[in-house]
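Written out below as structure tokens is the structure these notes cover.
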Amino acid sequence: MNKPRASALTIKQLRAFVAVYQLRGLSAAAAQLHITQSAVSVLIRQMEQELGMRLFDRTTRSLQPTSAAENAIEIAQRVLQDMDSLGVGLHDLSKLRRGRVTVACTPTLAKILLPKVIGQFIQAYPGVHVDVDDSPPDQFISRLIAEHADFGVGTPDQAGDGIRMQRLMGDHLSIVCRTDHPMAAQRSVRWKELDRLPVITVHPGYGVRPLIDQAAARAGIRLNVAHEVTLMSTALWMTACGLGPSVMPDAYASYSPDPSLVVRPLVNPKVPRDIYVLVKSGRSLSPAAQQFVHMLKAQTPVNGG
């Protein structure tokens, strides 16, 4: 006899076995399973051959379970219940009736892009739990690599080979000033106009700062950073208080509802700072995460440059 291998048994064989055990006949089992009687007979015979033992004693009127069948029935029923539960669970995941989505995003960008999308998503899919991993810029990529989030939304300086990126929306560097500042009357501001002008921006090496320093160097100016902050929101209220213009990505600047502030693009050079959806290489998104990204793209205010 062959050595029994539980992994070689099929779900069809187990269903046929349980049906015949419960109904004590091939024709009744076939009707319950919606297959032919000969198909049930073949499935039982295959299972017996695989296990190397008889499961039913055949009489003229019915099939009587053997002691082997009596020992196997509880296990077979439990396996089928587990498989049915698995099937229902996976179906629920595919239909977004349950699941979990974790989005990595820097705090400021999360405040701009995520609230409306999350609100619509949880209303449409109340069974899916949504988490936001509000990561600092210097930890954003490492959080994705470590799989603390399904995907991220951000503007990484160096994504590396372990991350694949899909452009979500175009962005660029701008300057924010008060409405009473001379630059407010201009349609755009040249980098040369910032030479030695006291400005507000983020700390060196943090977030967008390397891009700002590189642009200033290309323009041949000496950037006078009078105030350095961690959050763009801090720079905005400091500008509103009269502490000087702020240099930041346009997406952050344009989000401010303060009517005392205006935003002007920085040109010569115009510095792109696009926003991306990022996923760890080799990882696929769950149906829930795919739908979240789809809704995020639909809600993105500007998808141009």
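Checking each residue in the range 181-197 for being surrounded by fewer than 13 Cβ atoms within 10 Å (Cβ to Cβ) and touching a residue at least 40 places away in the same chain (Cβ under 8 Å) picks out 187, 192. Considering the range 125-165, and only residues there that are among the small types (Gly, Ala, Ser) and touching a residue at least 40 places away in the same chain (Cβ under 8 Å), the residue that is farthest from residue 98 (Cα to Cα) turns out to be 159.
Scanning the range 217-236 for residues that are part of a loop (DSSP other than H, G, I, E, B) and within 16 Å of residue 106 (Cβ to Cβ), we see that the one that is modelled with the lowest pLDDT is 231.
For the structure I just gave you, tell me whether residue 160 is at pLDDT 85 or above and not aliphatic (A, V, I, L, M). Break it down into steps so the answer makes sense when it comes.
Details: at pLDDT 85 or above: no; not aliphatic (A, V, I, L, M): yes.
Criteria not met by residue 160.
Report, by residue number, each residue of the range 5-64 that is of a type in the set (Asp, Glu) and either surrounded by 16 or more Cβ atoms within 10 Å (Cβ to Cβ) or part of a loop (DSSP other than H, G, I, E, B) (or both). Let's see the steps before the verdict.
Of the residues in the range 5-64, the ones of a type in the set (Asp, Glu) are 48, 50, 57.
Result: 48, 50.
Report yes if some residue within the range 109-119 is touching a Ser or Thr at 6+ places or on another chain (Cβ under 7 Å) and either under 25 Å from residue 267 (Cβ atoms) or modelled with pLDDT of 90 or more (or both); otherwise report no.
From the range 109-119, those touching a Ser or Thr at 6+ places or on another chain (Cβ under 7 Å) are none; that's our starting set.
No; the residues of the range 109-119 include none that is touching a Ser or Thr at 6+ places or on another chain (Cβ under 7 Å) and either under 25 Å from residue 267 (Cβ atoms) or modelled with pLDDT of 90 or more (or both).
Checking 176, 189 one by one, the residue that is more than 30 Å from residue 135 (Cβ to Cβ) and in contact with a helix residue (DSSP H, G or I) (Cβ under 7 Å, 6 or more places away or on another chain) is 189 and no other.
Inspect all residues belonging to the range 134-146 and state whether any of them is closer than 30 Å to residue 185 by Cβ, of a type in the set (Ser, Thr, Tyr) and in contact with a strand residue (DSSP E or B) (Cβ under 6 Å, 6 or more places away or on another chain).
Kept after step one, since they are closer than 30 Å to residue 185 by Cβ, are these residues of the range 134-146: none.
Looking for residues that are closer than 30 Å to residue 185 by Cβ, of a type in the set (Ser, Thr, Tyr) and in contact with a strand residue (DSSP E or B) (Cβ under 6 Å, 6 or more places away or on another chain), one finds none in the range 134-146, hence no.
Taking each residue of the range 294-305 that is outside the structural domain of residue 115 (by TED's automatic domain parsing) and looking for partners that are modelled with pLDDT of 60 or more and in a loop (DSSP other than H, G, I, E, B) with beta-carbon atoms closer than 6 Å, six or more apart or interchain, yields 304/170; 305/170.
Answer yes or no: is there a residue in the range 279-287 that is in the same structural domain as residue 117 (by TED's automatic domain parsing) and part of a helix (DSSP H, G or I). Walk me through how you get there before you give the answer.
We begin by selecting, within the range 279-287, every residue in the same structural domain as residue 117 (by TED's automatic domain parsing); these are 279-287.
After this cut, where a residue has to be part of a helix (DSSP H, G or I) as well, the list is 287.
Within the range 279-287, one or more residues are in the same structural domain as residue 117 (by TED's automatic domain parsing) and part of a helix (DSSP H, G or I).
Residues that are closer than 30 Å to residue 290 by Cα number at least 3 in the following strands (runs of 3 or more DSSP E) confined to the range 126-216: 128-134, 151-154, 163-169.
The values are calculated or read from the model by the stated rules, or taken from the named source; none is laboratory data. Treat the numbers as computed from the prediction; the structure is a model and nothing was measured. Here the Cβ is made from the backbone with ideal geometry for all residues, glycine too, and neighbour counts use every protein chain on show.
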